[in-house]
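Everything below concerns the one structure shown next.
The values are calculated or read from the model by the stated rules, or taken from the named source; none is laboratory data. Since we're looking at a predicted model, the values are computed, not measured. Neighbour counts run over all protein chains shown; Cβ positions are idealised from the backbone, glycine included. Calculation scope for accessible area: heavy atoms of the full protein, side chains included, ligands and nucleic acids excluded. Shrake-Rupley method; radii C 1.70, N 1.55, O 1.52, S 1.80 Å.
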Amino acid sequence: MQPLPATLPAPDRTLDATGTLCPVPIVETAKAVKALAEGAVLLVLATDPGVATDMPMWCKAMRHEHLATFRDGATWKSYLRKRGRGAGR
Amino acid sequence: MIRKGKAIAMISGGLDSTLALALVLRQGIEVKAINFYTGFCITETQRRKGGRADGTVPQNEALRAAADLEVEIEYVDISGGPYLDMLVNPRYGYGQNANPCVDCRIFMMQKAREIMEREGADFVFTGEVLGQRPKSQRRDTLWLIEKRSGLEGRLLRPLSARLLPPTVPEQEGLVDRERLLDISGRSRLRQMALARELGLTDWPQPAGGCCFLTDEAFGRKFFDLLDGRQAAGEPRRLVPEDVVLLSTGRHFRISPKVKLIVGRTEVENVLLEKYADGRARLAARDVNGPVALVEGTPTWEERLLASRVVARYGKGRSDAEVVVEWREGDEVEAYAVPPEADEARIEAMRV
């Protein structure tokens, strides 16, 4: 897992996917990101531990910037920044 | 100049579909990967129950493959009613267990075709290998699946393409047939060599054991549930919560119309609690033990029998008597019973 950055940006939107099971958090994240502007930051809250492995991989596949995924009490928090379509190719 | 094509990749993240993905990407074709969530994936279920026995959480292989090859991926949830109806009434029948592989492939490929049309893509491709599976990957079955899914000429199997008739994207020159493969059969040697050549190092163990429907014990529970519904005069149907319960706990057939499910772990107990609505919820009252659910309308004798089995799996298993509490809505009853000691009787009821 990548080291946590010292500071995290304030999210433009927070998606609460707590209580849902894999793959729902990723499916919901995909929908939420679609509605965001390029460069916007999304915070995803989840309780399924699968998010810790899935979110970095999903971000890499979709070319969004994965900022951090970490545990905060019983909840996992995942920060990502939406990239423009085709960015980084 | 030849137009650059776009394709939809059906991937599981296993070796074959990852290689198919790499082969098509290598030809400069734009690819969108899709992965179907059926509700019967063994890995997903393990994850839902808090990981493997050794405490590790298995990764999602389709996501990993898409991430490795930097391909956009979409999860497609097909776990609802129409998929379950197909499972109960498969047109082309079952394999060894509760696995209607041909119907399931057709179902998925129909969805893939809809996505292809929505995305303006030219074709769909898979990691299927001619002759690798006894039924669903025979030459005539591959053709049947292609036709029934409405993908005629637009379904490419890159690993076996040169053994199959040319597809439309090959004829139109979007895909170079010469750079596709002619693999057939069950051996994986050529795939492994190709993986090394392409620099792919990380893939899960060869597939087959990833779907509950192909599992013998699961298949028994699947058909037992449908038979039970029928015996109770209900339609032979499945709903999504049945799928969760089928992969949770020990299952006992108390009578043709009555079934008992006993949690095996703390996580399963919590899961069973969630599905107590519309069922009787059983647990030992004064000692620790599993949560159990009863489906159907048990007689007095069947209530005692179910209580004895629940007592048998708790901390009171060596006590002379255990009080088992039944909750059905607001109704609470308690049965003081000796834990069932007759192992042969328990085994005879086990589904």
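Looking only at region B:314-351, residues that are assigned to a helix (DSSP H, G or I), over 33 Å from the mean Cα position of the chain (by Cα), charged (D, E, K, R) and loosely packed, with under 13 Cβ neighbours inside 10 Å come to 0 in all. Inside region B:37-75, can you point out the residues that are open to solvent by less than 30 Å² (accessible area, probe 1.4 Å), modelled with pLDDT of 75 or more, more than 8 Å from chain A (Cβ to nearest Cβ) and not in a helix (DSSP H, G or I)? Those that are open to solvent by less than 30 Å² (accessible area, probe 1.4 Å), modelled with pLDDT of 75 or more, more than 8 Å from chain A (Cβ to nearest Cβ) and not in a helix (DSSP H, G or I): B:Thr38, B:Gly39, B:Phe40. Can you say whether A:Leu36 is more than 14 Å from every other protein chain (Cβ to nearest Cβ) and under 10 Å from the mean Cα position of the chain (by Cα), as far as the supplied structure shows? Against the criterion (more than 14 Å from every other protein chain (Cβ to nearest Cβ) and under 10 Å from the mean Cα position of the chain (by Cα)), A:Leu36 does not qualify. Looking across region A:47-89, the residues that are free of Cβ contacts under 8 Å to residues at least 60 places away in the same chain, away from chain B (no Cβ under 12 Å) and either under 22 Å from B:Gln59 (Cβ atoms) or among the acidic types (Asp, Glu) (or both) come down to A:Glu65, A:Arg71, A:Asp72, A:Ala74, A:Thr75, A:Lys77, A:Ser78, A:Leu80. Does region B:256-278 contain at least one residue that is surrounded by fewer than 22 Cβ atoms within 10 Å (Cβ to Cβ) and closer than 18 Å to B:Arg220 by Cα? Yes, there is a match, as at least one residue in region B:256-278 is surrounded by fewer than 22 Cβ atoms within 10 Å (Cβ to Cβ) and closer than 18 Å to B:Arg220 by Cα. A:Thr18 falls short on exactly one of the conditions (1) in contact (Cβ under 8 Å) with a residue 12 or more places away in the chain; (2) within 23 Å of B:Ile42 (Cα to Cα); (3) touching a strand residue (DSSP E or B) at 6+ places or on another chain (Cβ under 9 Å); (4) within 14 Å of chain B (Cβ to nearest Cβ), and that condition is (4).
Filtering region B:105-152 to residues that are over 15 Å from B:Met10 (Cβ atoms), of a type in the set (A, V, I, L, M, F, W, C) and buried (at least 18 other Cβ atoms within 10 Å of the Cβ) leaves only B:Leu130.
With respect to the conditions (1) part of a loop (DSSP other than H, G, I, E, B); (2) farther than 27 Å from B:Thr45 by Cα, B:Pro235 lacks only one, and its number is (2).
Whether a residue is surrounded by fewer than 19 Cβ atoms within 10 Å (Cβ to Cβ) and under 24 Å from the mean Cα position of the chain (by Cα) was assessed, and B:Ala217 passes this test.
When region B:281-313 is filtered for residues that are in a loop (DSSP other than H, G, I, E, B) and either of a type outside the set (Lys, Arg) or farther than 13 Å from B:Arg327 by Cβ (or both), the ones remaining, listed by number, are B:Asp286, B:Val287, B:Asn288, B:Gly289, B:Pro290, B:Val291, B:Gly296, B:Thr297, B:Pro298, B:Thr299, B:Tyr313. Looking only at region B:1-36, residues that are part of a loop (DSSP other than H, G, I, E, B), of a type in the set (S, T, N, Q) and under 24 Å from A:Val27 (Cα atoms) come to 1 in all.
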